[in-house]
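The values are calculated or read from the model by the stated rules, or taken from the named source; none is laboratory data. What you are looking at is a predicted structure, and each value in this text was computed from that prediction instead of being measured. Don't worry about glycine lacking a Cβ; one is built from the backbone with ideal geometry, like all the others, and counts go over all protein chains shown. To get the accessible areas, we keep the full protein, side chains included, count just its heavy atoms, and leave off ligands, DNA and RNA. Shrake-Rupley method; radii C 1.70, N 1.55, O 1.52, S 1.80 Å.
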Amino acid sequence: MKKNIFIVITTVLTLLSSSIYGQDKIKLEYKFEKGKTYLYKDETVGDMTQEMMGREMKMKNESKSLVRLVVDNVDKDNKATLIVSSDSVTVHSKTPMRDTTISVKEIEGKRTKIVVSKLGKIFGRETIDSIKVSGRMSAMANREAISFPQFPENAIAVGEKWKSTEVDTTSPDNSGQLIVTRDIEYTLAGKEKKNNYDCFKVTFTGTSSTEGKFNMQGMEFYIEGSGKVKGSFYFATKIGMVIESESETESEMTYASVGENPMTIPITQKIVSKRTLVK
């Protein structure tokens, strides 16, 4: 009798173990098709607080854009050449001095060519149409209009994690360079329906670091900072594209000028972004 009970318990544990460790694994890959066009709606809200000469100033920026992604070519290694542009860009800025909403026409339709692997790694970036815009809009004009979460080389199961390092480089007013590096840990959270697509939900957390320098009104500024990022996205394996993503970044930075009248400006900011596939 005891032997039979032992056999039953052993069998149940074996079945449970198989259900936990033997679950199906999925290979996450982008499925770019030559000639295909995708449209993403981007919405970003940023709250910033800076201190200068003992005074605190709060600012709020909201931007909305429609990003067009055209698959120009896919090579034998499944690297895709993409032509990226913005159909429309609107920015609402609110500071203690003014409250304005502008349409950034200088950016609209300006194309950039990027080469990206099926795992989301960007190998090259080339400007097709130059953009002439100055001031605060220059950083937006020079940053990547589109980015891709990076996937692991191997197939993974729900609950498993992977890591990636992602770098975003901008050139404000073409007078310097700003580099943001993000170290991200992703988790395959499970299956979920999103916008009529069968998707895998992926959550992520990570840290970011910022460094760079630029010239403004004849003064040289250095920037450094760090922050935390978290969010999630939904990936439809059937079409091989992200359907929707959301992220939240909180960071602290310091702007420091050099010269005859050096100054240090501490800045804290929170940025919430959402991207949705609309076509």
Among (1) open to solvent by 30 Å² or more (accessible area, probe 1.4 Å); (2) of a type outside the set (A, V, I, L, M, F, W, C); (3) over 20 Å from Thr187 (Cα atoms) - the single one Thr249 does not satisfy: (3)
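Inside the stretch 82-119, can you point out the residues that are among the acidic types (Asp, Glu) and either crowded, with 18+ Cβ neighbours inside 10 Å or closer than 29 Å to Lys58 by Cα (or both)? Break it down into steps so the answer makes sense when it comes.
Just the residues of the stretch 82-119 that are among the acidic types (Asp, Glu), to begin with: 87, 99, 106, 108.
Passing the criteria: Asp99, Glu106, Glu108.
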What is the residue count in the stretch 64-81 for residues that are open to solvent by less than 30 Å² (accessible area, probe 1.4 Å) and out of contact with any Lys or Arg (no Cβ under 7 Å at 6 or more places or on another chain)? 4
In the stretch 66-84, the residues that are assigned to a strand (DSSP E or B) and without any contact (Cβ under 8 Å) to a residue 40 or more places away in the chain: Arg68, Val70, Val71, Asn73, Thr81
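Suppose we filter Val12, Val45 for residues that are touching an Asp or Glu at 6+ places or on another chain (Cβ under 6 Å) and either modelled with pLDDT of 95 or more or on the phi < 0 side of the Ramachandran plot (or both); which single one remains? Walk me through it before giving the result.
Working: Val12 fails: touching an Asp or Glu at 6+ places or on another chain (Cβ under 6 Å).
Result: Val45 is the single residue among Val12, Val45 that is touching an Asp or Glu at 6+ places or on another chain (Cβ under 6 Å) and either modelled with pLDDT of 95 or more or on the phi < 0 side of the Ramachandran plot (or both).
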Quick one: Gly190 ticks every box in (1) loosely packed, with under 15 Cβ neighbours inside 10 Å; (2) farther than 30 Å from Tyr234 by Cβ; (3) in contact with a Lys or Arg (Cβ under 7 Å, 6 or more places away or on another chain) bar one, so which box is it? (2)
